[in-house]
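Student: One structure is given below, represented as structure tokens, and several questions about it will come after.
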Amino acid sequence: MTMIKSNAEQIVTRIQQSCDKVSRDVQEVCPIIVTKNRTNEEIQEVYSLGFRHFAENRVEKLLERQEVFPQEDIVWHLIGPLQKRKVKQIVNRIQYFHAIDRLSIMEEIEKRLDSPLKCFLEVNVSGEESKHGFTKAGVFEAFEAAKQYEKIDIIGFMTMAPFEANEEEIRHYFHELKEVSKKIQSTSTLKLSMGMSQDYPIAIEEGAHFIRIGTAWFE
């Protein structure tokens, strides 16, 4: 058994355990393979194991990956911030965008889209100056503002816990995002994109639907 296959089995087991702990259906949780800094051979192995959701945080890298992996069954996620000048290069090449972090980017995305795109509003729950995203208060305005756009489909919210946070703090931040989601009135169930290699079990316990895992697959 290769290291990647062993890691994948461990991740699947931990996802199941976290779901069982809080009585969630494991089908509610979608693991995303973050391919940043990985080789094409590593990505091919994860693909061969049956995983289909892949992500990059930079436009150029995602487009490069698509050239190497043109398979139509791959679901592509852009999870990093997006500059206005790069919107037209990418928005019709992905199925999910996880990082709408300001009001001004929405108009450009709407203008460039050929068809609806599933998007998350990024929320800076921790208030760190180094992080992008709306404040917990500002995200309500952003959610309302997004309704004017026909092709931006806001399906939920994304956040990241501080890397140095302890387990209690991480749980608090993820719980805060879940509370934000509960307070927003929507005709559909809003999804949560939160949790990375170091904290995805906690994220699942706090309601994550999409977990963005990188190094845990490969190291």
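Student: Out of all the residues in segment 179-197, which are more than 15 Å from the chain's Cα centre (by Cα) and assigned to a loop (DSSP other than H, G, I, E, B)?
Tutor: Result: Ile184, Gln185, Ser186, Thr187, Ser188, Thr189.
Student: I need the full set of residues from segment 21-33 which are touching a helix residue (DSSP H, G or I) at 6+ places or on another chain (Cβ under 8 Å) and open to solvent by 20 Å² or more (accessible area, probe 1.4 Å), in order please.
Tutor: Those that are touching a helix residue (DSSP H, G or I) at 6+ places or on another chain (Cβ under 8 Å) and open to solvent by 20 Å² or more (accessible area, probe 1.4 Å): Lys21, Val22, Arg24, Asp25, Val26, Glu28, Pro31.
Student: Continuing with the same structure: From (1) touching an Asp or Glu at 6+ places or on another chain (Cβ under 7 Å); (2) surrounded by fewer than 23 Cβ atoms within 10 Å (Cβ to Cβ); (3) modelled with pLDDT under 95, pick out the condition that doesn't hold for Ala161.
Tutor: Ala161 satisfies every listed condition except (2).
Student: For segment 57-95, give me each residue that is farther than 24 Å from Glu41 by Cα and not in a helix (DSSP H, G or I).
Tutor: Passing the criteria: Pro81, Leu82, Gln83, Val91, Asn92.
Student: Can I ask one more? Sort out which residues of segment 145-175 are assigned to a loop (DSSP other than H, G, I, E, B), within 19 Å of Tyr96 (Cα to Cα) and of a type in the set (A, V, I, L, M), and write them in order of number.
Tutor: Within segment 145-175, just Met160 meets the criteria.
Student: Give segment 91-150 a look and list any residue that's open to solvent by 20 Å² or more (accessible area, probe 1.4 Å), touching a Phe, Trp or Tyr at 6+ places or on another chain (Cβ under 6 Å) and in contact (Cβ under 8 Å) with a residue 40 or more places away in the chain, or say none.
Tutor: Glu110, Ser126
Student: Taking the residues in segment 115-144 that are assigned to a helix (DSSP H, G or I) and out of contact with any helix residue (DSSP H, G or I) (no Cβ under 7 Å at 6 or more places or on another chain) as candidates, determine which candidate is nearest to Leu82 (Cα to Cα).
Tutor: Applying the filter and picking the extreme gives Ala142.
Student: Looking at the structure I just gave you, is Ile170 modelled with pLDDT of 95 or more, open to solvent by 10 Å² or more (accessible area, probe 1.4 Å) and among the aliphatic types (A, V, I, L, M)?
Tutor: yes
The values are calculated or read from the model by the stated rules, or taken from the named source; none is laboratory data. Just so it is clear, the model here is predicted, and its values are computed rather than measured. Ideal geometry is used to build each Cβ from the backbone, glycine not excepted, and the neighbour counts take in all protein chains shown. For accessibility, only protein heavy atoms count, side chains too; no ligands or nucleic acids. Shrake-Rupley method; radii C 1.70, N 1.55, O 1.52, S 1.80 Å.
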